[in-house]
Amino acid sequence: MLRLDQGEEWAFEELVRRTYGDLYGLAFRMTGNADDACDVVQDAYLRAYKSRDTFRGEATVTTWLYRIVANCASSHVSRRSRNRHQRLEDSTPVVDDRPSSDPETMADVALERRRLGAAMASLPPRLRMVVVLKDVYDLPHEAIAAELGITEAAAKVRLHRGRRKLRERLYGQRRQ
Amino acid sequence: MNRRCQATITALAELASEAAEVPNGVSAHVEECFRCRGELARHRKLLRRLRQLRECGLEPPPRLLDQLLENLSESPETASAVSGWWRRRVNYLLVAVAATGAAGTGAVLLVLRGRAGTRLAG
């Protein structure tokens, strides 16, 4: 167990080593861009270290870090859209290259994941972020709302819309 | 699609994720409505696949860890927290410099010995 709460600073480097891959995955899925994801992870560790006293051990270290990444990614995406005044890069596909023993099954799984990744990437960032945090990383609505700076009701609405759009893109629209 | 189905659509996502706040009657309607049962199956499939995404890690750029530790070691607030990494990096560089020096010296000695051998043979 990493004992950040007791000021054992050696633990921080170990924390970075153990979690950076996972945090990068979350940051990438939220921002849809590898460079931005690296920046977000960097910011997140700086923020985590500065606010390490706020970690009370009620959640796991990973959940605590997920919340920090969510907050950093949200700020990063807002800043980017303000500065560039252009459409965010929503078309970056999420690629998963994990090996598998069965090539045929792996091909189907990889194809499905690519389709899902592309559908996720095509969502507007504000919807995508909520879907990623809730449905992929299982953060509670309360935490999502707090880190994105929105109300819980807004988080639920965005989740509903995001899921609906994803379903439509993956399976087509439901016939009326 | 009847009115009951329309009212059910918004609740299906909650039902799929097995959240507690499913309105009364929704489960019962889904049980008897073929169309809504199909819709629920799609919801569940989507959620299952989204949850699986977390387990399939995205490969971070190969130099990310080094860059993170380097940047953290350069920041005054976090430098002490990653000082171990910095010391190891310095030690690594010193060893690399020493090894290069030793290899260079060895090469020079070999060349000199080779020349001396050539002269003696001549």
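The values are calculated or read from the model by the stated rules, or taken from the named source; none is laboratory data. Because the structure is predicted, anything quoted here is derived from the model rather than measured. Quick reminder, even Gly has a Cβ in these numbers, built from the backbone with ideal geometry, and neighbours come from all protein chains shown. In case anyone asks, the SASA skips ligands and DNA or RNA and just uses the protein heavy atoms, side chains included. Shrake-Rupley method; radii C 1.70, N 1.55, O 1.52, S 1.80 Å.
Observations, loosely collected:
- Put simply, chains A and B cover up around 4200 Å² of each other's accessible surface, both sides summed, when a 1.4 Å probe is used.
- Summing charges over neighbours of A:ALA145, with a neighbour being any other residue whose Cβ is under 14 Å away from its Cβ, gives +2 when K and R count +1 and D and E count -1.
- Occluded residues from the range B:58-72, i.e. those whose accessible area drops by 20 Å² or more once the chain is not alone (1.4 Å probe): B:LEU58, B:PRO60, B:PRO61, B:LEU64, B:LEU65, B:LEU68, B:LEU69, B:ASN71, B:LEU72
- For A:14-27, mean number of other protein chain Cβ atoms within 10 Å: 4
- Rounded to 0.05, the FRET efficiency of the A:SER51 and B:GLN52 pair, given R0 = 35 Å and the Cβ-Cβ distance, is 0.65.
- Bridging of A:LYS165 to lysines at a Cα separation below 29 Å is possible for A:LYS134, A:LYS156, B:LYS45, once same-chain residues fewer than 8 apart are set aside.
- Contact with the other protein chains removes 10 Å² or more of accessible area, compared with the isolated chain and a 1.4 Å probe, from these residues of the range A:31-75: A:CYS38, A:VAL41, A:GLN42, A:TYR45, A:LEU46, A:TYR49, A:LYS50, A:TYR66.
- At R0 = 35 Å, FRET efficiency that the Cβ-Cβ distance of A:ARG115 and B:ASN71 yields, to 0.05: 0.50
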